Each structure stands twice: as C-alpha cells, then as structure tokens.
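Working notes, beginning with the structure itself.
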Amino acid sequence: LSPALRELKTEGVYVDLMTPEGVFIARGYHGHQNKGYGWVFTQDASMYLTTDFLRQLFSDAIGKRQKLFHDDETTAFRLFNGEGDHLGGVTVDLYNDCALVQWYSLGIYEHREKILDALEAVYPVKAIYQKKRFREGGKYMDADDFVRGERIEFPILVKENGVLFNVDLNDGPMTGIFLDQREVRQRIREQYSKGKTMLNAFSYTGAFSVYAALGGADQTTSVDLAKRSLPMTIAQFSANGIDFEAQEIRVMDVFNYFDYALKHALTYDLVVLDPPSFARSKKRVFSVQKDYVKLLEQALRLTNDGGVIVASTNYSGFDMKKFKQFIKRAFHNQHATYKILETYTQPEDFPYDVTFKESQYLKVVFIKKLS
Ligand code: SAH
C-alpha cells in the first residue's frame with residue numbers, strides 16, 4: 001500500500017472487486033496483516049458484515065464442529081478459524097464456557113461489536129476475552145483482555161482428550177496451551193511414549209511432556225528458555241496427578257541444553273521439537289526458515305537409534321514438501337538414515353482455505369531414526 005493510501009486510514013472499509021467493465025465480483029474489507037491487505041468475504045453484492053451475516057458464519061462453524069461440542073473429554077477447541085471458516089482476520093477459541101477472540105488487523109477490529117453480538121447470539125458464553133494480534137499505537141498487547149460477560153478468575157482447568165490443563169486468558173499473548181496440537185499430543189500418548197525417555201524441546205507449559213508421562217514414558221525432560229515455563233509446567237503435571245519431581249524441567253536455551261546433554265552422554269528415545277517461528281534470545285536469533293536443519297542435526301545426535309523425532313513447525317512461509325526437504329538434508333548431513341512414520345497438519349477445528357495455501361500452516365512429522 002502506498003503511504004498516501006495508508007494515510008487515508010481505510011482499515012475496516014469495504015472493498016468491492018469489479019471487472020474492468022464495472023461488474024461486481026466479490027466484496028472484502030481492508031485489514032492489513034502479515035498475510036495481506038484484507039479479506040474477501042462474499043461474492044454476493046447484497047452482503048455486508050452485518051450481525052445477521054456473521055451469525056450465519058458462526059452457526060455454520062458450530063455445525064462443522066458438532067463432534068467436539070459433544071465430546072465431554074475435550075472442552076477447549078477452536079470454534080472459528082478465520083479464512084478457513086470464510087472470514088479472515090479473526091479466530092474464536094472456546095475454553096470451557098469462555099471465549100477467546102483474536103483479532104489480526106485493525107480492519108477486522110473495527111467490526112468487533114457486530115462480531116461479538118453475533119457470537120453471543122449463536123453461542124452464549126460466560127465471558128469473552130480477546131487478544132489483539134495487530135499493532136495499535138506501536139504495541140500489540142493490552143493490559144486487560146476482558147471484553148464482555150463475567151470476569152473469570154484464572155487459571156481455569158480445561159480438558160483435552162481427558163487431560164487437564166491450566167489456562168489463563170488474561171495473562172499476555174499465550175494462554176497455556178496451543179490447541180492445534182491436540183491430535184499430535186494424543187498420538188504421542190497412545191503410540192510413542194510407553195517405556196520411553198523423552199526430550200521436549202521448546203516445551204512452554206510442557207503439554208507434550210504431560211501426554212508422554214500419561215502414556216507411560218519412563219521420564220520426560222522439558223526445556224524452555226522462559227522462566228515462567230517452570231511453574232507452569234509443574235502446574236500442568238500436577239493437574240494430572242503426575243509427580244513433577246520425577247520429571248526433569250529445565251529453564252534454559254535449547255541449544256545450550258543440547259551441548260550439556262552431549263557432554264553428559266544423555267540420549268533419548270523420543271524427541272519433540274516445536275520451536276517458535278522466530279525468536280530472539282540474548283545470544284542468538286533463531287528462525288525456523290534458516291535454522292531448522294541445524295536444530296534437527298543437533299537433536300539427531302541425542303536421539304537413540306530406533307528413536308523417534310517429532311518435528312513440528314507452525315511457520316506458514318513454507319509447506320510440507322519443503323519441511324521434508326529440511327529433514328532429508330539434516331539426516332544426510334549427519335550420515336543418518338530415517339523413515340517418516342506419519343505426518344499431521346491442523347485438526348478439523350482449524351480448517352484451512354485450499355485456495356490460500358499459507359492457511360495450512362501446521363506441519364508435524366514423526367520421523368524414526370533408523371541408524
Ligand atoms: N511446544 C510448546 C509450545 C512452544 S512455544 C507446547 O506444546 O505448548 C515456543 C516456546 O519456545 C516458548 O515457550 C519460548 O519461551 C521457547 N523458546 C524460544 N526460544 C528458545 C530457546 N532458544 N531455547 C528454549 N526455549 C525457547
């Protein structure tokens with residue numbers, strides 16, 4: 001967008017796409033985010049982002065997720081996934097009877113009241129909290145994310161596949177759990193944990209470790225740089241009756257942990273790698289795009305033969321094919337052989353738009369190290 005156009009402050013306004021002859025094609029809104037300048041939401045010239053229109057979108061989204069709504073063992077999942085549910089720029093997650101709405105542009109935020117009205121009309125919740133994922137006055141986050149309903153005392157306990165997690169919707173950008181990994185966690189518990197030792201790198205609140213411990217892992221080691229990860233991981237273990245003292249929780253840089261483990265000849269049967277797409281620490285800048293091969297190579301040296309690496313990324317800038325090339329290169333560089341056991345992308349409550357391939361951002365590959 002040219003600076004002159006940006007000056008017009010058109011975030012939120014409707015944009016009609018026309019043929020050169022002036023025939024209506026589609027309507028969108030202007031909302032600048034890293035994915036582009038806005039989203040088309042209809043090909044019907046009579047449609048606008050009215051509460052009625054939005055209610056229909058939400059009730060369609062709920063219709064698609066009936067299985068989850070009826071699953072007593074899972075009380076936290078995504079109700080509305082932006083472009084995958086036909087309106088880009090906004091997502092809605094349910095955590096028990098609380099909703100978390102995330103806004104990805106000022107443009108969609110301009111329409112917030114109608115969106116919240118529509119949500120409440122279709123699915124009454126006790127409280128709505130929000131995260132602004134766009135910059136406003138130079139900053140992203142608000143001090144208070146409460147929007148509507150009753151104020152909730154956090155943390156609350158939610159359930160996922162019967163596993164309990166502490167969640168706080170009013171404590172910075174993250175909630176305590178990443179809902180799009182539900183199926184991967186379940187697989188790890190069912191198939192890859194029994195009798196194994198596990199290293200969970202970039203563990204955050206230790207969700208993968210909790211599932212592994214419940215799946216019968218001999219021991220888990222969770223490594224994350226953030227100081228808060230320690231009490232949060234202890235809380236997630238404890239919520240599920242796991243003795244956290246029998247587990248290893250390390251607050252440190254994953255790359256330093258790799259060095260430490262090598263020096264002490266520590267090796268693992270199961271290694272989970274789930275780094276952020278981009279992170280700046282005191283010593284280094286990590287980017288998935290540039291550093292994933294290196295990350296895999298280092299992890300490989302700590303993985304027992306016959307062991308499994310679960311390589312994950314939510315970076316939308318490359319696809320599964322490219323990710324598998326990274327894997328191939330890392331194993332090649334380390335003179336190791338492997339077999340891909342299974343791959344995962346987003347679960348059904350995180351649908352993507354097939355015409356916009358970046359919306360299929362999640363890539364998880366279960367790799368068996370053969371030798
Ligand atoms: N695997 C987690 C989510 C990871 S989010 C889960 O399943 O919930 C990314 C995490 O990486 C953050 O908690 C952040 O603190 C951590 N992190 C970023 N850079 C790191 C580094 N160099 N070493 C260790 N942790 C890092």
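The values are calculated or read from the model by the stated rules, or taken from the named source; none is laboratory data. Source: prediction; values computed, not measured. Backbone-built Cβ (ideal geometry, glycine too); neighbour counts: all protein chains shown. Note: areas computed on protein heavy atoms with side chains; ligands, DNA, RNA excluded. Shrake-Rupley method; radii C 1.70, N 1.55, O 1.52, S 1.80 Å.
Mind listing whichever residues of segment 208-230 are near the ligand (Cβ under 9 Å from one of its atoms), not in a loop (DSSP other than H, G, I, E, B) and not polar (S, T, N, Q)?
Hits for segment 208-230 are PHE208, VAL223, ASP224.
Only one residue in THR233, THR205 is within 12 Å of the ligand (Cβ to nearest atom) and part of a loop (DSSP other than H, G, I, E, B), so which one is that?
Result: THR205 is the single residue among THR233, THR205 that is within 12 Å of the ligand (Cβ to nearest atom) and part of a loop (DSSP other than H, G, I, E, B).
Considering each of ILE340, ILE367 in turn, give the residue that is of a type outside the set (S, T, N, Q) and surrounded by fewer than 16 Cβ atoms within 10 Å (Cβ to Cβ).
ILE340
Could you list all residues from segment 294-312 that are without any contact (Cβ under 8 Å) to a residue 40 or more places away in the chain and touching a helix residue (DSSP H, G or I) at 6+ places or on another chain (Cβ under 7 Å)?
Within segment 294-312, LEU296, GLU297 meet the criteria.
Just give me the residues in segment 122-140 being surrounded by 14 or more Cβ atoms within 10 Å (Cβ to Cβ) and either closer than 24 Å to LYS64 by Cβ or out of contact with any helix residue (DSSP H, G or I) (no Cβ under 9 Å at 6 or more places or on another chain) (or both), in sequence order. Outline the logic, then answer.
Applying the first criterion (surrounded by 14 or more Cβ atoms within 10 Å (Cβ to Cβ)) to segment 122-140 yields 122-123, 125, 127-134.
Passing the criteria: VAL122, TYR123, VAL125, ALA127, ILE128, TYR129, GLN130, LYS131, ARG133.
Being of a type in the set (S, T, N, Q) and under 24 Å from ALA261 (Cα atoms): is that true of THR303 here?
yes
Being more than 15 Å from the ligand (Cβ to nearest atom), open to solvent by 40 Å² or more (accessible area, probe 1.4 Å) and among the small types (Gly, Ala, Ser) is the requirement here; does ALA143 meet it?
yes
Show me the helices (runs of 4 or more DSSP H) entirely contained within segment 1-80 in which 1 or more residues are open to solvent by 90 Å² or more (accessible area, probe 1.4 Å) and at pLDDT below 95.
Ranges flagged: 3-7.
Please state which of the following conditions SER238 fails to meet, knowing it meets all the rest: (1) surrounded by fewer than 18 Cβ atoms within 10 Å (Cβ to Cβ); (2) within 12 Å of the ligand (Cβ to nearest atom).
(2)
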